[in-house]
Amino acid sequence: MTSNLDALLTALYVHLDDHVLPLAQQRPRPGRRRLLTDAELACVAIAQVLLGYDSERRWLRLAPARIGHLFPRLPGQSEYNRHLRDAAPALQAAAMYLVRALPTWHERLRLMDGTPVRCGASRTTVNRSGLGEVAGYGRDASHHAFYWGAKLLLVTTAEGAVCAFSLAHPKELDERKQALHLTHVQTLAPGPRPIVCDKGFAGAGIEAAMAALGHQLIRPTRGDEPEPGVKVFPSWLRQRIEAIIWTLKNQLGLERHAARTTEGLWARVCQRILALNAAIWHNWLIDAPVKRSLIAYDH
């Protein structure tokens, strides 16, 4: 099997259509039948972000020349946008299926971190945006800056595949509450796992709650702690999850999502995470030396 975008889309479509998103399980909907099935839409959406097209309108103008030999029927921009928003649960299910198919799913170690997803930079946007359900004012401690947007929390394997993720309002849920909610509603892995995180997850309450679930939090010690817990912290693991977040936000375009509604933002987050997991999954199939590399699929 070759390491290029066509091979990735072909292998992914076969797996999704056979095991995850078969046509027989899709609910009938009123109106005209859509041009793409959910499995086809997932592949087209992955190709969009891997090739670096942030604009859906521009992507659909160029898609026939790039992937038209694989998907000869492509919808217009409005139908593509509506279908992508409606198919967000299918994209999330596909991303979780792929991470469970990886050999590293059964490894014990997990990485966890949160990052802001900025949604606007003006007061007019705040007042008129349809993102009010999930977006609010928050502070990015890493960059010492305030922002208006949502908080994305990720739990990943050590190689970079996303095991669980959630979006939250930065004012309603801080990182610790969001992490507890995420571990209750999504499965991080079978059995207890040590989770590497940062100082923002410090606290007796969250550590006790995570311990009750079987997860041990490994974090750097704070200066005000009288009895530091972990004296030698694996800082290289923190750098790794920062690199994973950079891949999602810059290389896959999450920083330039251009979403205007809560449903659109969630669909774009699922689209980027599915693209990352799909690339890692395919790199395992072809035995690529670097599993998180996207170089073979971005041209």
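The values are calculated or read from the model by the stated rules, or taken from the named source; none is laboratory data. Keep in mind it's a predicted model, so treat the numbers as computed, not measured. Cβ atoms come from the backbone with ideal geometry, glycine included; neighbour counts cover every protein chain shown.
In this structure, is residue 77 polar (S, T, N, Q), without any contact (Cβ under 8 Å) to a residue 40 or more places away in the chain, on the phi < 0 side of the Ramachandran plot and outside the structural domain of residue 241 (by TED's automatic domain parsing)?
Values: polar (S, T, N, Q): yes; without any contact (Cβ under 8 Å) to a residue 40 or more places away in the chain: yes; on the phi < 0 side of the Ramachandran plot: yes; outside the structural domain of residue 241 (by TED's automatic domain parsing): yes.
Yes; evaluated as a whole, the condition is true for this residue.
Listed by first and then second residue, the pairs linking a residue in the stretch 128-139 that is outside the structural domain of residue 172 (by TED's automatic domain parsing) to a residue that is assigned to a loop (DSSP other than H, G, I, E, B) and small (Gly, Ala, Ser), with Cβ atoms under 6 Å apart and 6 or more places separating them unless they lie on different chains, form an empty list. Looking only at residues of the stretch 122-167 that are of a type in the set (Ser, Thr, Tyr) and part of a strand (DSSP E or B), we find that the one that is surrounded by the fewest Cβ atoms within 10 Å (Cβ to Cβ) is 137. Against the list (1) outside any helix (DSSP H, G or I); (2) closer than 15 Å to residue 268 by Cα; (3) in contact with a helix residue (DSSP H, G or I) (Cβ under 9 Å, 6 or more places away or on another chain), the condition residue 116 fails is (3).
Can you give me the number of residues within the stretch 170-218 that are closer than 23 Å to residue 96 by Cα and outside any strand (DSSP E or B)? Adding up the residues that qualify gives 24. Hey, does the stretch 135-144 have a residue that's among the acidic types (Asp, Glu) and closer than 24 Å to residue 107 by Cα? No; the residues of the stretch 135-144 include none that is among the acidic types (Asp, Glu) and closer than 24 Å to residue 107 by Cα.
Evaluate the following for residue 55: is it out of contact with any Phe, Trp or Tyr (no Cβ under 9 Å at 6 or more places or on another chain), hydroxyl-bearing (Ser, Thr, Tyr) and either buried (at least 20 other Cβ atoms within 10 Å of the Cβ) or not assigned by TED's automatic domain parsing to the domain that holds residue 183 (or both)? Yes. Are any of the residues in the stretch 101-110 closer than 26 Å to residue 184 by Cβ, out of contact with any Cys (no Cβ under 8 Å at 6 or more places or on another chain) and buried (at least 20 other Cβ atoms within 10 Å of the Cβ)? The answer is no, given that none of the residues of the stretch 101-110 is closer than 26 Å to residue 184 by Cβ, out of contact with any Cys (no Cβ under 8 Å at 6 or more places or on another chain) and buried (at least 20 other Cβ atoms within 10 Å of the Cβ).
Could you tell me whether residue 199 is among the basic types (Lys, Arg), under 22 Å from residue 268 (Cα atoms) and in contact with a Pro (Cβ under 7 Å, 6 or more places away or on another chain)?
Answer is no for this residue.
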